Amino acid sequence: MFSFFISAGICSTLSDIIKNLSYGCVASTVVAWIIDCATTRNLNRKANSIYDAVYGELKFHIGAFIGTWAELCVVSFKEKDYQEEKHTWNDWFKIVKENYDKCTPERQAHLLNFFYRQLTEAEKAVNKSIDYLQSQRYMLTLNDVMNDAMDRILSDFRFEFYALDLDLSRKDTPEMFWSHMDAITSDLLRYIQNWPDIRYYNHLLFRPHNFFQNTNDLLAAVLISDYVPATGGKKESLICRIKKHLK
């Protein structure tokens with residue numbers, strides 16, 4: 001429109017006024033865009049921080065629980081140096097089970113008592129985190145930190161770890177113990193896969209006592225799992241946060 005008026009032969013003074021107005025409008029629009037982008041970026045950053053603060057403890061305790069299988073392996077079966085090996089948590093579970101089957105009945109009894117103690121301690125930490133989140137669900141929903149997707153995720157883990165607590169407290173026969181552990185491991189693989197934030201847990205290769213320690217292993221697992229954060233960020237945002245927290 002401004003170009004039309006200028007080409008129509010209006011006086012130079014009016015032309016300058018119109019051009020200055022046009023530049024001002026464009027500048028104001030650009031500034032508004034920049035402010036809007038900055039505000040959105042800050043809101044996303046704030047949302048990520050709140051989300052991490054709310055669910056960080058639960059994510060940590062789930063990782064600590066599944067990492068227990070590697071610790072059980074390296075402590076229980078010293079005939080081989082498992083400390084230098086890297087496996088996924090599901091593979092560590094299988095290695096523990098295979099080694100257990102090779103032991104004498106007397107040693108199996110001692111090992112099973114040890115497994116019960118260690119798994120119970122890790123399981124109770126997960127249940128404590130889940131119970132706290134459930135008790136705060138109203139406030140979390142009001143603050144947009146709890147939605148239907150997260151509610152389903154928490155319900156799955158709550159059911160699974162509640163069942164695990166019952167299994168560990170009963171101390172059934174060895175056959176029942178391994179049968180229940182097989183079922184729970186299968187379920188946890190699926191539930192972890194369903195929670196985008198910790199999906200990489202299923203792909204993480206780690207040494208005993210080092211589930212969260214090696215940055216390169218964590219980044220590799222994240223990339224393999226095709227990670228997409230629940231808060232709507234990009235894959236790079238998680239990589240940056242891992243680097244920041246593990247420096």
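Determine ³J(HN,Hα), in whole Hz, for all residues of the stretch 59-70 in sequence, where each value follows from phi through the Karplus function 6.51 cos²θ - 1.76 cosθ + 1.60 and θ = phi - 60°; x replaces Gly and Pro.
Running phi through 6.51 cos²θ - 1.76 cosθ + 1.60 with θ = phi - 60° gives 4, 5, 5, 5, x, 5, 5, 5, x, 4, 4, 5 Hz.
Averaging sequence separations of C-alpha pairs under 8 Å and six or more residues apart, then dividing by the length of the stretch 58-246, give the relative contact order as a whole percent.
28 percent
Using a ≥ b ≥ c from the Cα gyration tensor of the stretch 58-246 (square roots of the eigenvalues), is it rounded, prolate or oblate, where a/c under 1.5 gives rounded and otherwise the larger of a/b and b/c decides, a/b for prolate? Let's see the in-between values first.
Details: a/c = 2.46, a/b = 1.38, b/c = 1.78.
Cα axes put the stretch 58-246 in the oblate bin.
Calculate one ³J(HN,Hα) per residue across the stretch 166-181 by plugging θ = phi - 60° into the Karplus curve 6.51 cos²θ - 1.76 cosθ + 1.60, and present them in order as whole Hz with x for glycine and proline.
In residue order, the calculated couplings are 5, 4, 6, 6, 7, 6, 6, 5, x, 4, 5, 4, 5, 4, 5, 5 Hz.
With +1 on each Lys and Arg Cβ and -1 on each Asp and Glu Cβ, and nothing else charged, work out how big the dipole of the stretch 58-246 is about its Cα centre, in Debye to the nearest 20. Each step should come with its number before you reach the end.
On the way: 24 positive and 27 negative charges, 104 e Å.
Approximately 500 debye in magnitude.
Run the paramagnetic zone check for TYR116: 7 angstrom along Cα to Cβ, then residues of the stretch 176-194 with backbone nitrogen under 16 Å.
Within reach of a label on TYR116, which here means backbone N under 16 Å from a point 7 Å along Cα→Cβ, the stretch 176-194 contributes 176-181.
Among the listed pairs LYS86/LYS171; LYS124/LYS171; LYS59/LYS128; LYS59/LYS124; LYS59/LYS80, which have their C-alpha atoms separated by more than 21 angstrom in this model? Before the final figure, lay out each step's value.
Numbers: LYS86/LYS171 30 Å; LYS124/LYS171 15 Å; LYS59/LYS128 12 Å; LYS59/LYS124 14 Å; LYS59/LYS80 31 Å.
The answer is LYS86/LYS171; LYS59/LYS80.
For the stretch 112-207, what's the relative contact order in percent, using C-alpha pairs closer than 8 Å and at least 6 residues apart? The partial results should precede the final answer.
Details: 41 pairs, mean separation 27.4, N = 96.
That works out to 29 percent.
What does the net charge come to around PHE206 if you take all other residues with beta carbon closer than 14 Å to its beta carbon, with K and R at +1 and D and E at -1? Can you show the working numbers first?
On the way: positive: LYS86, ARG207; negative: GLU71, GLU84, GLU85, ASP91, ASP217.
Charge balance near PHE206 sits at -3.
Scan around MET146 for amide H atoms under 5 Å from its own, H built in the peptide plane at 1.01 Å from N, and keep only partners 5 or more places away or cross-chain.
Result for MET146 returns THR141.
Under a 5 Å amide H to amide H cut-off, with H placed in plane at 1.01 Å, what residues pair with HIS87 once short-range neighbours are removed?
Answer set, sorted by chain and number: PHE206.
Report ³J(HN,Hα) in whole Hz for each residue of the stretch 152-157, in order, from the Karplus equation J = 6.51 cos²θ - 1.76 cosθ + 1.60 where θ = phi - 60°; Gly and Pro get x.
Computed from phi, the couplings for the stretch 152-157 are 5, 4, 5, 4, 4, 5 Hz.
Values quoted throughout were computed directly from the atomic coordinates according to the rules given, and no laboratory measurement underlies them. Here the structure is a predicted model, which is why all the values come from computation and not from measurement. Please note: Cβ atoms are built from the backbone with ideal geometry, for glycine as well, and neighbour counts cover all protein chains shown.
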